Amino acid sequence: MRAFVTGGTGLLGSNLVRLLAGKGYEVRALVRTAKKAEKLLDGLNVEVVTGDLTDIEPWAHHLKDCDVLFHTAAYFRETFRRGDHWTSLKQINVTQTVRLFEYAEQYGVGKIIHTSTNATVRKRKDGMPSDESDRMNPEEALNLYGKSKVVGDLEIDRFARNHRTPVVTFLPAWMFGPGDAAPTGSGQMVLNFLAGKLPGSFPSGIDVVDARDVAHAMIIAAETSTGNERYIISGHYTNLVELFAVLQKVSGVQAPSKTFPIPIVYLSTWINERIAAFRNKEVDMSVDELRVMTEMKRTSGAKAVHHLKVTCRPLEETIWDTVNWFRANGKNG
Ligand SMILES: NC(=O)c1ccc[n+]([C@@H]2O[C@H](COP(=O)([O-])OP(=O)(O)OC[C@H]3O[C@@H](n4cnc5c(N)ncnc54)[C@H](OP(=O)(O)O)[C@@H]3O)[C@@H](O)[C@H]2O)c1
């Protein structure tokens, strides 16, 4: 099987490329920076294609002869930084994503495995975990990144109605794992923890999943699914206190002992954002991120467990491997 993977140097994409190569797939990985790919994908039997989603035409022909397209690239972690990112979010996560799928069909790719997010499902009022049917409207999204993925999913529905190439969309929870080179928000939190920079925790609730488990589920879908599908991969419902305790256990770094009430955290995060904007600096956590952490939304990965027979590894193993990867790569926060 020949697979084309976008976002080959990302947290999810690099783990996916590694898994695919290990399973004997012929892999073509789209990367923006050849040097980053050299470092991250070193030693793997992978064909690296350098290109950008803003301009697909120059590299689209590499989709030819690929059985499956795994689309993991997105305008994502850039939104942690200040500013209104809507133009880029819409361009990359909606317009160019659909354009990529059109090219994939044109070049004969048999199946598309896409990455959305569980931030596109709404919290249920009955207190039960949300599932794939609890789809948000764009106005319900908690932030612009989430909105771009909701709009993207709607456009992918339209694509699926009008094209023959099946699309399996994955909705992962908050991903952690080795290979978070950028880093993403989870990796930055781990680095801040290791550096003793986190002042404390606050009441929170969020699903956390290992990027390798998401990658594994995507490969199973590529090998077994037949039509258009959507799968949440939810992992473990946890909170900051528990995450910090696991981090302390695996890293030996003392967890912060203070727990702040949510209104205080909102106020201080809002003030920090204003000060950072005034000084033209970035914040470690934005109000947008805080909203996600404190929504206490739980999502169900039962459909993927049932259909794809996927299991998620223990949280401690994920955090252990994440911390060790950062340390082995000279990053201690
Ligand atoms: N991390 C999470 O918690 C989480 C949760 C749910 C869903 N997701 C989704 O999962 C997917 C993978 O995210 P991730 O966690 O692996 O984040 P990531 O490490 O930031 O990976 C994103 C990848 O997209 C690439 N990319 C960004 N803009 C691009 C462009 N214009 N052209 C080509 N490539 C571009 C990046 O390239 P560079 O390496 O050059 O920067 C990177 O490889 C995304 O669709 C994201 O929305 C993430």
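The values are calculated or read from the model by the stated rules, or taken from the named source; none is laboratory data. Values in this document were obtained by computation on a predicted structure and should not be read as measured data. Cβ coordinates were reconstructed from backbone atoms using ideal geometry, including for glycine residues, and neighbour counts include every protein chain displayed. The accessibility values were calculated without ligands, DNA or RNA, using every heavy atom of the protein model including side chains. Shrake-Rupley method; radii C 1.70, N 1.55, O 1.52, S 1.80 Å.
Observations
- Among the helices of the chain, those built from whole DSSP H runs whose Cα atoms reach 18 Å or more along their own axis and whose mean Kyte-Doolittle hydropathy is at least 0.5 are 211-224, 262-279.
- Separation of alpha-carbon centers, region 208-276 and region 19-95, rounded to whole Å: 23
- Potential lengthening between residue 50 and residue 284 on full extension [0.36 nm per residue; Cα-Cα distance subtracted]: 81.2 nm
- By DSSP, the beta bridges lying fully in the chain are antiparallel in about 15 percent of cases.
- Point-to-point label distance, residue 125-residue 163, nm (Cα→Cβ direction, 7 Å offset): 3.7
- The length gained by stretching the chain between residue 264 and residue 81 to full extension, at 0.36 nm per residue less their Cα-Cα distance, is 63.7 nm.
- Partner lysines for residue 39 [C-alpha distance under 18 Å; skip if fewer than 8 residues away on the same chain]: 331
- For the chain, the per residue solvent-accessible surface stands at 46 Å², with DNA, RNA and ligands left out and a 1.4 Å probe.
- Relative contact order [Cα under 8 Å, 6+ residues apart], region 201-320, whole percent: 47
- Extension gain, residue 67 back to residue 99 (0.36 nm per residue minus Cα-Cα distance, nm): 9.7 nm
- Neighbours of residue 38, meaning other residues whose beta-carbon lies under 15 angstrom from its beta-carbon, give a summed charge of +3 when Lys and Arg score +1 and Asp and Glu score -1.
- Prolate/oblate/rounded label for region 65-167 (Cα gyration tensor, a/c 1.5): oblate
- Solvent-accessible area, 1.4 Å probe, carbon plus sulfur percent, for the chain: 51
- With each label modelled as a point 7 angstrom along the Cα→C-beta vector, the residue 33-residue 228 pair spans 3.7 nm.
- Note: relative contact order over the chain, using C-alpha pairs below 8 Å and six or more positions apart, is 19 percent.
- Loop trypsin sites (Lys or Arg not before Pro), region 242-333 (other Cβ atoms within 10 Å of the site Cβ: 15 or fewer; DSSP): 258, 281, 309
- With contacts taken as Cα pairs under 8 Å at a separation of at least 6 residues, region 198-262 carries a relative contact order of 58 percent.
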